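Structure first, commentary second.
The values are calculated or read from the model by the stated rules, or taken from the named source; none is laboratory data. What you see is a predicted model, and the numbers here were worked out from it, not measured in a lab. FYI the Cβ positions are ideal-geometry reconstructions off the backbone, even for glycines, and counts take in every protein chain you see.
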Amino acid sequence: MTETNENQTESEHGTTSRRDLIKIAGALVGAAALTQVISGTTLASRNPSSSAETTTGPKWGMSIDINKCIGCKYCTYACQAVNNLADDMIYCVVTTESMQNGKEYFLSRPCMHCDESPCVHVCPVKATYKRDDGIVMMDYTRCIGCRYCQVACPYDARVFNWREPIAVSPKSPNFGFAEVPNRPRGVVEKCTFCVHRIDPGVAKGLVPGKDARATPACVVACPTGARAFGNLRDPESPISKVLADAKTVMRLREEELSTDPSVFYVPPDSHSNNPFIKG
């Protein structure tokens, strides 16, 4: 495991400085605290003593390469179509941020599926829970709409369903069709890593991250390959290969909050050929 040098200040020379990484983390809910920067490794080597969690099954995770993101929001739209969401119900938020040297980039933010999830800890009725494979789920039959989880989430990754569910998402059929039942009014909703694809896919022998029918809709819809998904415990999975090949990997607000997110970012590089990273 390696970390960037505490005194690295090379952004004026074209690299991404530690201050830039802090600013990326600060894009979330005004956070300006330090973000953990790690080299690409599998989950097993990063966290070998994951306490209450089995280490024999898969551990699902996602990576997002900011250098490849063009801000098209196809990830957002595919998510809305598959989950049958109205335009004001967004599980995957895409914002425009800027580095210290003025170069702009796009930051895509789904649920982080944290190992130490504040939302799980505060739920009074255990409607929010974490599976052994790391996916943080909602039991909508238990949810009482108190919104404690929404307030506790440091990534602003949850939305409250104020109205009766819509019949058809405006993003359907252009970006997909509804694949899960509508949630009732008065519950909190969130990204599930498209668990409705993962579980039946695995049962059929498909590989999440490689086979589209077993992979989150946002990953499949990305036209530039900015997103990767897979089993963090498998060194041959798509996400493990991305993390291993990346010079630097970061997780948002991890050092400040110790939430241990399962979403990793390859930070922006001012030498990137992405025309959407500009200054």
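Residue-wise test of (1) basic (Lys, Arg); (2) more than 18 Å from the chain's Cα centre (by Cα); (3) more than 30 Å from Thr141 (Cα to Cα); (4) modelled with pLDDT of 95 or more.
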site	(1), (2), (3), (4)
Arg185	yes, yes, no, yes
Cys222	no, no, yes, yes
Leu232	no, no, yes, yes
Lys241	yes, no, yes, yes
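Restricting attention to the stretch 87-116, the residues being out of contact with any Asp or Glu (no Cβ under 8 Å at 6 or more places or on another chain) and hydroxyl-bearing (Ser, Thr, Tyr) number 2. Within this structure, Val125 fails the test of being out of contact with any strand residue (DSSP E or B) (no Cβ under 9 Å at 6 or more places or on another chain), on the phi < 0 side of the Ramachandran plot, crowded, with 20+ Cβ neighbours inside 10 Å and not small (Gly, Ala, Ser). Residues considered: Asp234, Asp245, Asp260, Asp211. Of these, the only one that is of a type outside the set (Lys, Arg) and without any contact (Cβ under 8 Å) to a residue 24 or more places away in the chain is Asp211. Out of Glu236, Glu189, one residue alone is modelled with pLDDT of 95 or more, assigned to a loop (DSSP other than H, G, I, E, B) and acidic (Asp, Glu). It is Glu236.
Table: residues versus (1) at positive phi; (2) in contact with a helix residue (DSSP H, G or I) (Cβ under 6 Å, 6 or more places away or on another chain); (3) surrounded by fewer than 16 Cβ atoms within 10 Å (Cβ to Cβ); (4) of a type in the set (D, E, K, R).
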site: Cys92; (1), (2), (3), (4): no, yes, no, no
site: Gly102; (1), (2), (3), (4): yes, no, yes, no
site: Val120; (1), (2), (3), (4): no, no, no, no
site: Gly134; (1), (2), (3), (4): yes, no, no, no
site: Tyr155; (1), (2), (3), (4): no, no, no, no
site: Gly186; (1), (2), (3), (4): yes, no, yes, no
site: Gly209; (1), (2), (3), (4): yes, yes, no, no
